[in-house]
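Worksheet: the structure to be examined is printed underneath.
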Amino acid sequence: MNVAIFLPGWIGDAVMATPAIRALKLHFPSGKFVCVSKAYVAPILAGNPWFDEMILTGGKKGLSLFDAASELKKQKIDVAVLFPNSFRAGLLAWMGGCKRSIGFNRYFRKWLLTDSLESPRNAKGEFIPSPVIDSYNQLAMVAGAPNPGYEMQLFTSTVEEEMAEQVWRFAAFKDKPEVICLNPGAAFGASKLWPAEHFATLARELIRLRGAGILVMCGPKESELALRITSLIGHPSARCLAEPSMPDLSLGLSKACIKKCQLLVTTDSGPRHFAAAFNKPVVSLFGPTHIEWTDTYHKKEINLQKKLPCGPCQKRVCPLEHQCMKELMPLDVLSAGVSLLDRQLESARFLRSVG
């Protein structure tokens with residue numbers, strides 16, 4: 001049995017697909033698993049035990065549609081599970097000769113799929129916001145897998161964990177009672193960004209109240225924003241991954257740092273799901289997007305969002321005053337973060353008392 005897994009095109013969505021992938025591997029234990037992924041998404045699942053081969057698409061490092069279809073044909077795929085809803089993914093599965101292709105009927109691609117599922121809609125025909133992780137699990141179960149559940153999973157290498165250790169040494173976090181990661185970026189667009197001044201106010205309060213170390217995270221495109229926030233914090237306990245003394249920026253480094261921290265405060269972006277995959281507490285800040293689309297049922301997550309007449313608008317750039325993010329006040333975020341940290345400390349004390 002040859003199985004093709006088409007990964008979603010967003011990093012966070014790829015993390016949310018991991019329960020379904022794991023369940024499919026359990027259902028086809030001796031099957032050959034081929035991962036079809038955008039080149040920039042694939043590194044997030046590095047180190048996983050599921051995939052035997054990779055076909056990378058798009059961008060400078062990936063194959064064209066025709067070359068990817070040619071590679072897929074060579075694999076003689078019996079079952080393809082398409083997590084992305086794009087027409088292109090359906091076309092690639094069809095051109096690649098997949099005997100069975102399972103996906104949702106979106107973007108006029110029903111004729112390209114052998115198993116076409118319908119997304120829930122309201123009376124007006126509009127899609128009803130519902131957790132993507134449930135949709136992914138549904139696809140896996142149509143393929144015959146058991147209910148995947150909601151336990152997301154990521155992996156870090158020894159090299160990545162050593163890089164995180166290097167960050168902790170450079171930042172002098174070893175003596176800090178807690179290290180809190182702040183993730184201010186969002187690839188979706190500017191509408192998801194929380195004001196830099198709010199991040200700085202939050203960080204200063206966490207340092208004052210908890211004696212915490214603060215690590216401002218970023219990717220290469222967010223370095224300027226991360227450095228600005230660190231400068232606004234203006235305290236030696238706050239450091240930034242974009243500093244010259246830090247290891248090179250990578251998804252692997254971000255994963256390892258989140259795995260090592262005690263709390264993540266983040267915009268609605270990919271690293272939010274890293275925290276869930278490593279079972280870390282996370283405060284997620286929502287503005288223009290529906291919480292329902294990306295709910296992961298993570299028990300250590302608090303989602304914050306202001307209810308406004310204009311939202312959630314799902315727009316990448318706010319055409320108004322960006323009130324949905326500006327009105328999320330630092331003290332509200334602080335309260336949520338402290339409650340998660342205290343809950344974690346209480347849990348640790350209980351485990352020690354019964355151990």
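List of remarks:
- Taking the conditions (1) assigned by TED's automatic domain parsing to the domain that holds Leu91; (2) surrounded by fewer than 17 Cβ atoms within 10 Å (Cβ to Cβ); (3) assigned to a helix (DSSP H, G or I) in turn, Arg169 satisfies each one other than (1).
- Hits in the stretch 191-241 - residues which are crowded, with 17+ Cβ neighbours inside 10 Å, in contact with a strand residue (DSSP E or B) (Cβ under 8 Å, 6 or more places away or on another chain) and either free of Cβ contacts under 8 Å to residues at least 24 places away in the same chain or assigned to a loop (DSSP other than H, G, I, E, B) (or both): Leu193, Trp194, Ala212, Met217, Cys218, Thr230, Ser237, Leu241
- Residues within the stretch 308-333 that are over 22 Å from the mean Cα position of the chain (by Cα) and modelled with pLDDT of 90 or more, tallied: 6
- Qualifying positions in the stretch 173-200 - aromatic (Phe, Trp, Tyr) and under 18 Å from Gly270 (Cβ atoms): Phe188, Trp194, Phe199
- Selection status of Ile77, at pLDDT 95 or above, closer than 23 Å to Trp111 by Cβ, in contact with a Cys (Cβ under 6 Å, 6 or more places away or on another chain) and part of a loop (DSSP other than H, G, I, E, B): yes
- Subset of the stretch 18-58 (residues that are assigned to a loop (DSSP other than H, G, I, E, B) and touching a strand residue (DSSP E or B) at 6+ places or on another chain (Cβ under 8 Å)): Phe28, Gly31, Ala39, Trp50, Phe51, Asp52, Gly58
- A count restricted to the stretch 242-277 and to residues that are touching a Cys at 6+ places or on another chain (Cβ under 7 Å) and assigned to a helix (DSSP H, G or I) stands at 2.
- Some residue of the stretch 17-24 being without any contact (Cβ under 8 Å) to a residue 24 or more places away in the chain and farther than 20 Å from Phe87 by Cβ: no
Residue-by-condition table, conditions (1) touching a residue at least 12 places away in the same chain (Cβ under 8 Å); (2) in contact with a Pro (Cβ under 7 Å, 6 or more places away or on another chain); (3) crowded, with 21+ Cβ neighbours inside 10 Å:
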{"position": "Ser250", "(1), (2), (3)": "yes, no, no"}
{"position": "Ser254", "(1), (2), (3)": "yes, yes, yes"}
{"position": "Cys261", "(1), (2), (3)": "yes, no, yes"}
{"position": "Asp268", "(1), (2), (3)": "yes, no, yes"}
{"position": "Lys280", "(1), (2), (3)": "yes, no, yes"}
{"position": "Leu285", "(1), (2), (3)": "yes, no, yes"}
{"position": "Ile302", "(1), (2), (3)": "yes, no, no"}
{"position": "Pro319", "(1), (2), (3)": "no, no, no"}
{"position": "Val354", "(1), (2), (3)": "no, no, no"}
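- Residue match in the stretch 62-69 (condition: within 24 Å of Pro146 (Cβ to Cβ) and touching a residue at least 12 places away in the same chain (Cβ under 8 Å)): no
The values are calculated or read from the model by the stated rules, or taken from the named source; none is laboratory data. Note that the structure is predicted; figures quoted are calculated from it, not measured. Note that each Cβ is placed from the backbone with ideal geometry, even for glycine, and that neighbours are counted across all protein chains shown.
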